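Student: My questions all concern the structure below.
The values are calculated or read from the model by the stated rules, or taken from the named source; none is laboratory data. Please read all numbers here as calculations on a predicted model, not as lab measurements. Neighbour counts are summed over all protein chains in view; Cβ atoms, including those assigned to glycine, are modelled from backbone coordinates with ideal geometry.
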Amino acid sequence: MLVAQSMATRLGEGRKAQIITFGCQMNERDAETMRGLLVHMGYTMTDRTDEADLILFNTCSVRENPERKVYGRVGLLKELKAKKPWLKIGICGCMPQQRAERQRIAETLPHVDLVFGTMNIHQLPELLQRVEAGERVIEVWHEEGDVVEGLPVQRLNPFKAFVTVIYGCNEHCTYCIVPTTRGRERSRRPEAILAEIRELAAQGYREVTLLGQTVDAYGNDLGDVDFAGLLYQVNRVRGIGRIRFTTSHPKHITPRLIRALAENEKVCEHLHLPVQAGSNRTLKRMGRQYTREQYLELVARIREAVPGIAITTDLIVGFPGETEEDFQETLRLVEEVRFDGAFTFIYSPRIGTPATRFPMEQWVPEDVAKDRIYRLIDLQNRITLERNQALVGQEMEVLVEEESPKEPGKLVGRTRTNKIVVFPGDPSLVGQFAWVTVTGAQTFTLEGVLTHSRVAAAV
Ligand code: SAH
Ligand code: SF4
Ligand code: F3S
C-alpha cells in the first residue's frame, strides 16, 4: 500500500538515478527491483555518476575488497555533493545488514543520506520520500518478513532473466557472512514463480536463471514442493528454452534432483557446485557438512546421469589452519574432478563469523595464501583449456547474447554448458538460438562457425 501511495507522488520526476551494484546475482536481481521502483517513481536511470541526482550503492560483504571499494567510492563523492547539494547518496545491500558496517557508514560517511538493507527494499519509495523531505534515513530490517511479491522490476537484458526463488541461507559455513546479511531461508510460492516466468516468456525471454544462495534447498521451508519439483514445473513453461540455476550446496543434491536434471530437457547441462576445499580437515572446520569422498561420489553420480554436464566450483585458499598438505589435497581434488571452471578466493575474515575466532597462530600469512591461489589458478586454467580444446569439432546450441564488443562482425553467445563462444554472424541473430561448430578453444572462450540458426519462437 505504502509503495503504491508514494509512487503516486512521482517524486523522481525530472531526476536521474544511478545504481552501482557489487556482489552476486542476488544483488543484481535486487537492483532490477530497485530500478523498477525508481522508474515507477518517475526517475530516469543513468550510468553516469556526474549527471545523477540519486546514487545508490548496492553493496556486497562477502570479502573485504568489495567493501573497501564502497568506502573509497562513496568517500570520493563528498566533493561532488559539495558542488551539487541536492545530490542524494544511498547505501543498501549486504553491508548495512551488519551492525559494525552500519555504524561505520553512519559515522565516517556523513554525506550519505539513506541506508537500507536487503530485507526492506520494497520500502525504497517511502524512504526516499523521507530523504527528500530532509531527513537522514537509516532503516535496516533484521527480521525476515513475508516474501513481498508483485514489486515492479526493470530488467536490462531482454531475453535472459534472473528469477529469485529462495531468499536467505540456513547454512553455517564458518567463513561466511551471507547468513547474517540475507537472513533465514524463505522460499517463494511456486505459483508466484511460475506466474513470473510465464510473464517473462510472453515478453520474449528465452532463458531463466533461478537464484538462491542455496537454490537446491528451495521448498524446504514450504513442505509441499522441492527444487526438483520446481524444475519439472518450470520446464513446462512454453517459450522458455533454457533453465539455469545457482548456487547449489552439495548437501541438498538429492537423487530426485539429479533425475530432474537429466529428465528436463530445458535444464542446461551446467552445475555450479562449490566445493571450497579438498581436505576433509578444512571442510570440517569450514562447516561444509560433506567430505571430499562424498563430493567426488556426488560428481560421479551427476556425470553418469547427465553426460557432458559442465561442473564449475568455488574454492577458498588460506582458510585458518590450512597447511600445505591440506592445500595439496585441494589441488588433487581439482585434478581429480577436472572442473570446467572455478572461482578462486583468498580467505577474507568477516567480523562475527566463527572462523575469525580460530587461534591467530593458525592464520595463513598473506604471501603464503597468494602463492597458493596462483598455483591453484594455474592448475585450473590448464584444465579448463584442455576441456575446452576437447570440444573442437563439436556442434553446439548457442543462445546468441550480443555483438562482440571487441571484434566487429562477430557475435557472442553461450552454450548450454555455459561456455562463451565467439563466431561470425549477423546481428539479427542476437536473442536467438543458433548451432555453432567449435573451431578453436582458449581458456575463457571458444571460437566457432555458424552451422545454422533457428528462430527463438520455435522453442
Ligand atoms: N551461496 C553460495 C555462494 C556464497 S558467496 C554458496 O554457498 O556456494 C560465493 C563464494 O564466495 C563462496 O562460494 C565462497 O567460495 C566465497 N566466500 C564466501 N565467504 C568468503 C570469505 N570470507 N573469504 C573468501 N571467500 C569467501
Ligand atoms: Fe555462505 Fe555457506 Fe550459505 Fe553459501 S551455503 S551462502 S557459503 S553460509
Ligand atoms: Fe555479497 Fe551479499 Fe551476494 S554478501 S555475495 S551481495 S548475498
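Student: Please report, ordered by residue number, the strands (runs of 3 or more DSSP E) entirely within the range 53-154 with at least 2 residues that are within 16 Å of ligand 1 (Cβ to nearest atom), surrounded by 19 or more Cβ atoms within 10 Å (Cβ to Cβ) and at pLDDT 95 or above.
Tutor: Filter on the range 53-154 gives 54-59.
Student: Just one of (1) in contact with a strand residue (DSSP E or B) (Cβ under 9 Å, 6 or more places away or on another chain); (2) over 22 Å from F339 (Cβ atoms) trips up E269, so point out which.
Tutor: (2)
Student: Are any of the residues in the range 167-181 closer than 30 Å to S428 by Cα, within 15 Å of ligand 3 (Cβ to nearest atom) and either in contact (Cβ under 8 Å) with a residue 24 or more places away in the chain or assigned by TED's automatic domain parsing to the domain that holds L257 (or both)?
Tutor: So far as the range 167-181 goes, no, none of its residues is closer than 30 Å to S428 by Cα, within 15 Å of ligand 3 (Cβ to nearest atom) and either in contact (Cβ under 8 Å) with a residue 24 or more places away in the chain or assigned by TED's automatic domain parsing to the domain that holds L257 (or both).
Student: Taking G204 and the conditions (1) away from ligand 3 (no atom under 16 Å from the Cβ); (2) within 30 Å of M95 (Cβ to Cβ); (3) surrounded by fewer than 22 Cβ atoms within 10 Å (Cβ to Cβ), which numbered condition does it fall short on, given that it satisfies the others?
Tutor: (2)
Student: Continuing with this model, one more query. Read through the list (1) assigned by TED's automatic domain parsing to the domain that holds T209; (2) in contact with an Asp or Glu (Cβ under 9 Å, 6 or more places away or on another chain); (3) not basic (K, R), then give the number of the only condition that V438 fails.
Tutor: (1)
Student: What single numbered condition from (1) within 16 Å of ligand 2 (Cβ to nearest atom); (2) among the aliphatic types (A, V, I, L, M); (3) under 30 Å from I240 (Cα atoms) fails to hold for I177?
Tutor: Unmet condition: (3).
Student: Within the range 344-389, work out how many residues are surrounded by 12 or more Cβ atoms within 10 Å (Cβ to Cβ), aliphatic (A, V, I, L, M) and more than 11 Å from ligand 1 (Cβ to nearest atom).
Tutor: Number of matching residues: 7.
Student: Moving to a separate point now. Please go through the range 238-256 and give me each residue that is more than 16 Å from ligand 2 (Cβ to nearest atom) and either closer than 17 Å to Y218 by Cβ or not basic (K, R) (or both), ordered by number.
Tutor: Scanning the range 238-256 gives G239, I240, G241, I243, R244, T254, P255, R256.
Student: Looking only at residues that are of a type in the set (G, A, S) and more than 16 Å from ligand 1 (Cβ to nearest atom) in the range 243-280, which one is surrounded by the fewest Cβ atoms within 10 Å (Cβ to Cβ)?
Tutor: The selected residue is A262.
Student: Can you go through I193, I240 and tell me which one is outside the structural domain of K88 (by TED's automatic domain parsing), of a type in the set (A, V, I, L, M), part of a loop (DSSP other than H, G, I, E, B) and crowded, with 18+ Cβ neighbours inside 10 Å? Steps first, please.
Tutor: Working: I193 fails: part of a loop (DSSP other than H, G, I, E, B).
The unique qualifying residue is I240.
Student: I would also like to ask the following. Of all residues in the range 139-160, count the ones that are closer than 29 Å to K88 by Cβ, of a type in the set (A, V, I, L, M, F, W, C) and touching a Lys or Arg at 6+ places or on another chain (Cβ under 7 Å).
Tutor: Residues flagged as closer than 29 Å to K88 by Cβ, of a type in the set (A, V, I, L, M, F, W, C) and touching a Lys or Arg at 6+ places or on another chain (Cβ under 7 Å) within the range 139-160 amount to 2.
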